[in-house]
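Take a look at the structure set out below.
The values are calculated or read from the model by the stated rules, or taken from the named source; none is laboratory data. Source: prediction; values computed, not measured. Ideal geometry is used to build each Cβ from the backbone, glycine not excepted, and the neighbour counts take in all protein chains shown.
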Ligand code: P6P
């Protein structure tokens, strides 16, 4: 029997890396694990039950909400509230942050920000999707409702972050600042088993992930980078491959394992980029830095950006260190005309 180390055992084992660990973060991570199993079960039935498709409403982003978006949002909120470690949640599917009002929750010390089901428009075509989460210690005093300040913290103050990828297998990948670790779900046992301990992204790669349909309005530096990949790259690094799934978690996960870069620059439709700083870019930035990579808005380290709004968007370049630095160099060499 191989040495099966479950996510639960690993979290407890690693909590001792935390000075004064009281098990609260471990319990919080356990609630995310539970919600991931519940959402995974529904996603795997999508198409058989009436849980795909749109609900006919839009989220604060103006994006059509899918039935599974709302299902995932509800399940993660319920699981987080039940474990009494979280005083409030901000979500892509909620216009405002949600305060948990039970007394135990008001006394909790963490807040969670999440994209409960990223890439959900892909569900109807059976493409993998994901959940992304980001965890902070609250700033406001215990016993009171959380404030905007609790949710608008820069990414470098995260205490944990991770994603669930509902793909050919379901995996949960997380960090608490001591490396990044991947767990594969075994449905026959109902547990996440350690499958990728201390994941590291190659310093360089030959995969670039970008929606080239937006090419015409890309910043000049991004156009130059794409041309570099297609024509100018030194022989030792060719051939580059363009791989774009349209699901951040999936593109990120493949690039993490193989090396590569994901780019979502400013476009005509999204002058500030499409991805949201707080619950997409910051958690992925924490993970990639822990794996030896970089995450930038093209000029600044993502985790140093001071948030101003819950759903603010930023240009996002994330992946192998050498590739992110190359994009930054092209953007510096070809600055946008103001
Ligand atoms: P586009 C999904 O909506 C998402 O937020 C990411 O998961 C994905 O990488 C991106 O948007 C896809 O956006 O504009 O290329 O369809």
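Name the residue that is farthest from the ligand (Cβ to nearest atom), counting only residues in region 110-141 that are at pLDDT 95 or above and surrounded by fewer than 17 Cβ atoms within 10 Å (Cβ to Cβ).
Checking each candidate, the answer is 141.
Which of the residues spanning region 225-239 are surrounded by 19 or more Cβ atoms within 10 Å (Cβ to Cβ) and either in contact with a helix residue (DSSP H, G or I) (Cβ under 6 Å, 6 or more places away or on another chain) or in a loop (DSSP other than H, G, I, E, B) (or both)?
225
Against the definition (in the same structural domain as residue 222 (by TED's automatic domain parsing), surrounded by fewer than 20 Cβ atoms within 10 Å (Cβ to Cβ), closer than 19 Å to residue 208 by Cα and touching a residue at least 24 places away in the same chain (Cβ under 8 Å)), how does residue 306 come out, yes or no?
No, not satisfied.
What number of residues in region 314-333 are surrounded by fewer than 21 Cβ atoms within 10 Å (Cβ to Cβ) and either at pLDDT below 95 or touching a strand residue (DSSP E or B) at 6+ places or on another chain (Cβ under 8 Å) (or both)?
Selection size over region 314-333: 3.
When residues of region 271-311 are filtered for being within 15 Å of the ligand (Cβ to nearest atom), more than 26 Å from residue 226 (Cβ to Cβ) and not in a helix (DSSP H, G or I), how many remain?
Count: 1.
In region 57-104, how many are more than 14 Å from the ligand (Cβ to nearest atom), modelled with pLDDT under 95 and within 18 Å of the chain's Cα centre (by Cα)?
Count: 1.
Quick one: in region 195-224, of everything that is in a helix (DSSP H, G or I) and more than 16 Å from the ligand (Cβ to nearest atom), which residue is farthest from residue 170 (Cα to Cα)?
Among those that are in a helix (DSSP H, G or I) and more than 16 Å from the ligand (Cβ to nearest atom), it is 220.
Quick check: is even one residue across region 253-270 within 16 Å of the ligand (Cβ to nearest atom), at pLDDT below 95 and either farther than 14 Å from residue 316 by Cβ or not in a loop (DSSP other than H, G, I, E, B) (or both)?
Yes, because at least one residue in region 253-270 is within 16 Å of the ligand (Cβ to nearest atom), at pLDDT below 95 and either farther than 14 Å from residue 316 by Cβ or not in a loop (DSSP other than H, G, I, E, B) (or both).
Would you please list the contacts, defined by Cβ atoms under 9 Å and residues six or more apart or on different chains, that run from a residue in region 270-299 that is in the same structural domain as residue 162 (by TED's automatic domain parsing) to a residue that is surrounded by 22 or more Cβ atoms within 10 Å (Cβ to Cβ) and not in a helix (DSSP H, G or I)?
If the second residue must be surrounded by 22 or more Cβ atoms within 10 Å (Cβ to Cβ) and not in a helix (DSSP H, G or I), no pairs are left.
Within region 164-181, is there a residue that is more than 18 Å from the chain's Cα centre (by Cα), in a loop (DSSP other than H, G, I, E, B), more than 16 Å from the ligand (Cβ to nearest atom) and surrounded by 14 or more Cβ atoms within 10 Å (Cβ to Cβ)?
Looking through region 164-181, none of the residues is more than 18 Å from the chain's Cα centre (by Cα), in a loop (DSSP other than H, G, I, E, B), more than 16 Å from the ligand (Cβ to nearest atom) and surrounded by 14 or more Cβ atoms within 10 Å (Cβ to Cβ).
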